[in-house]
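A.B. asks: Below: one structure in structure tokens.
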Amino acid sequence: LVKHLRTDREEKYEIVERWFLKDLEMIDGKEADTDNPYFDMHFQEVCHLEAYSCASKYTFVRTLNKLNETYLKKDLKIVNFDETYLNDDSIWSSNNRDCLVLMRICFYASNLLCLSLCPLS
């Protein structure tokens, strides 16, 4: 857990708490239907956390999931997250997923707009 400190024009990051990935039992995104940065990480105790944004929350969870798959291969429960944005095999997957999602949404929206403006003959 990193704490962000800002004094005058200087920014500092301080490590407040550390956990082992092997001790993580579950990640709860609270509500999959809403855009919120809050989530819980369940160890022996529950840690209530807030990410910088919803996109950073999903990026963090994707990273934890990938680390788990690569090194531990244990059953990590991830609940109350939209599966579309967590899976690598989804149409939204990329190394820069958050930007790609926005680009694809804009592309589809512009296509719909163009199609709706085309006259029917």
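A.B. asks: Work out which trypsin sites (Lys or Arg not before Pro) in the chain are exposed loop sites (DSSP not H, G, I, E or B, at most 13 other Cβ within 10 Å) and give the longest gap free of them.
C.D. replies: 19-72
A.B. asks: As I understand it, the value is the acute angle between the Cα axis of helix 54-67 and the longest principal axis of the Cα atoms of the chain; what does it come to in degrees, rounded to 10?
C.D. replies: It works out to around 60 degrees.
A.B. asks: Counting only Cα, what are the radius of gyration and maximum Cα-Cα distance Dmax of the chain, in Å?
C.D. replies: For the chain, the Cα-based Rg and Dmax read 18.6, 66 Å.
A.B. asks: Could you tell me the calculated FRET efficiency between LEU102 and ASN36, based on Cβ-Cβ distance and R0 = 22 angstrom, to the nearest 0.05?
C.D. replies: With a Förster radius of 22 Å, E is 0.75.
A.B. asks: Just to be sure I understand the model, the point goes 7 Å from the Cα along the line to the Cβ. What's the resulting LEU115 to THR63 distance in nm?
C.D. replies: Taking the two extended label points, one gets 3.7 nm.
A.B. asks: Expected output is a single nm value to one decimal: the length gained when fully extending between LEU21 and LYS74, i.e. 0.36 nm times separation in residues minus the C-alpha distance. What is it?
C.D. replies: Stretched fully, the LEU21-LYS74 segment lengthens by 18.1 nm.
A.B. asks: Next question. I want to check a number: in the chain, how many lysine pairs have alpha carbons closer than 20 Å, given a sequence separation of 8 or more or different chains?
C.D. replies: Close lysine pairs found across the chain: 13.
A.B. asks: Could you tell me the relative contact order of the chain? Use alpha-carbon pairs under 8 Å, at least six residues apart, and round to a whole percent.
C.D. replies: Worked out over the chain, it gives 18 percent.
A.B. asks: Rounded to the nearest 0.05, what FRET efficiency do GLU11 and TYR52 have when you use their Cβ-Cβ distance and R0 = 22 Å?
C.D. replies: 0.95
A.B. asks: Still on this structure, I have one more. How much mean residue ellipticity at 222 nm does the chain get from its helices, if each DSSP H run of length 4 or more adds -39500 (n - 2.57) and you divide by all residues, to the nearest 500 deg cm²/dmol?
C.D. replies: Theoretical 222 nm ellipticity from helices: -10000 deg cm²/dmol.
A.B. asks: Would you kindly state the longest site-free stretch of the chain, with sites defined as chymotrypsin sites (Phe, Trp or Tyr not before Pro) in a DSSP loop (not H, G, I, E, B) surrounded by at most 14 other Cβ atoms within 10 Å?
C.D. replies: After excluding every exposed loop site, the longest remaining stretch is 53-121.
A.B. asks: May I ask you to give the percent of accessible area on segment 1-84 that is carbon plus sulfur, with a probe radius of 1.4 Å?
C.D. replies: That fraction is 50 percent.
A.B. asks: Quick one: helix 97-117 against the long Cα principal axis of the chain, what's the angle to the nearest 10°, folded into 0 to 90?
C.D. replies: Helix 97-117 and the main axis of the chain meet at about 20 degrees.
A.B. asks: Please return the longest range in the chain lying between exposed loop sites, taking GluC sites (Glu not before Pro), DSSP loop only, at most 16 other beta-carbon atoms within 10 Å, and leaving the sites out.
C.D. replies: 46-121
A.B. asks: Long-range amide H contacts for MET26: which residues qualify at under 5 Å (H placed 1.01 Å from N, peptide plane, sequence gap of 5 or more or a different chain)?
C.D. replies: Here the answer is HIS42, since their amide H atoms fall under 5 Å of that of MET26.
The values are calculated or read from the model by the stated rules, or taken from the named source; none is laboratory data. Being a predicted model, the structure only gives us computed values, none of them experimental. With ideal geometry, Cβ positions are generated from the backbone for all residues, glycine too; neighbour counts draw on all protein chains shown. In case anyone asks, the SASA skips ligands and DNA or RNA and just uses the protein heavy atoms, side chains included. Shrake-Rupley method; radii C 1.70, N 1.55, O 1.52, S 1.80 Å.
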